[in-house]
Amino acid sequence: MDARRLQYLKALDIDVWRRREGADTIAAAAPVEVAAAAATATTLQPAAANLDWTSLEAAVRGCTLCGLSKTRTQTVFGVGDRNAQWMVIGEAPGADEDREGEPFVGRAGQLLTSMLKAMGLRREQVFIANILKCRPPGNRDPSPEEVAHCMPYLQQQIELVNPRLILCVGRIAAQNLLKTDTPIGKLRGQLHRLPGTERPVVVTYHPAYLLRSPGEKRKAWADLVFAMNTAEGLAPA
Ligand code: URA
């Protein structure tokens, strides 16, 4: 393991011996359980279905489907490799992201970048997006209506990227993406499928939560190891 990766693991409070042992234990102990694709197939709204990157980006930039269009500084489309093997999906832009127009650029974003680096991935190698493309004022939770309007954009991004694995960070992103009320503690540690599709999804804690609860970083690292092991076992998308 190179020195830089060691540094990132340290940022996650992961001892190296534990990482190696953890990787094996998790692979052996966590059954790859495919969550029942209980939710119904989601149909893309005409506004986003089949759009190419340029048209999709323009549609998001000009979107006025919900009230967040009145309070945003700018839309936050998503960033990274548009042919990535990994897609990371978060909740919604915060103040930093609203200002800069890029997802995960604040403190939580820095931790996310460290988490990716610990996995051997550069930020530019993955595609990062959010459930919502606009910041909810005061960082409140997204409303069901906002999610319903915005989800087709994300669905089309997923179609276009065609990732091998989706890493979903945080309760809000996970529950909305998987269309479930199950608590995040129960969603992590297993392989899910994006409702209506065969696309693999793994859930972990949101980096902002990990900043508030550093004691949970070990569980997050276990999730990332699980995601890496899972991705390795999957055929290329
Ligand atoms: N939190 C998120 O879920 N997404 C961002 O882009 C920033 C913070």
Can you pull out every residue in segment 155-176 that is away from the ligand (no atom under 12 Å from the Cβ) and either at positive phi or assigned to a helix (DSSP H, G or I) (or both)?
Gln155, Gln156, Gln157, Ile158, Glu159, Leu160, Val161, Asn162, Gln175
Just the residues that are over 16 Å from Gln155 (Cβ atoms) and touching a strand residue (DSSP E or B) at 6+ places or on another chain (Cβ under 8 Å), please, taken from segment 65-86.
Val76, Val79, Gly80, Asp81, Ala84, Gln85, Trp86
For segment 48-76 the number of residues that are in contact (Cβ under 8 Å) with a residue 24 or more places away in the chain, within 30 Å of Gly120 (Cα to Cα) and surrounded by fewer than 20 Cβ atoms within 10 Å (Cβ to Cβ) is 2
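Give Glu33, Glu97, Glu102, Glu91 a once-over and let me know the one that is exposed (fewer than 12 other Cβ atoms within 10 Å of the Cβ) and either modelled with pLDDT under 95 or within 16 Å of the ligand (Cβ to nearest atom) (or both).
It is Glu33.
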Show the residue pairs meeting these rules: Cβ distance below 8 Å; 6+ apart or different chains; first residue within segment 158-176 and without any contact (Cβ under 8 Å) to a residue 24 or more places away in the chain; second residue part of a helix (DSSP H, G or I).
Gln175/Ile184; Gln175/Leu187
Failed condition for His149, given (1) in a strand (DSSP E or B); (2) touching a Cys at 6+ places or on another chain (Cβ under 7 Å)
(1)
Among all residue pairs at least 6 apart or on different chains, which show Cβ distances below 7 Å where the first residue, located in segment 105-119, is farther than 11 Å from His206 by Cβ and within 14 Å of the ligand (Cβ to nearest atom) and the second is assigned to a helix (DSSP H, G or I) and of a type in the set (Asp, Glu)?
Val105/Asp96; Val105/Glu97; Gly106/Asp96; Gly106/Glu97
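The values are calculated or read from the model by the stated rules, or taken from the named source; none is laboratory data. Note that this is a predicted model, so its numbers are computed, not measured. All Cβ positions, even for glycine, are placed from backbone atoms using ideal geometry, and neighbour counts span all protein chains on display.
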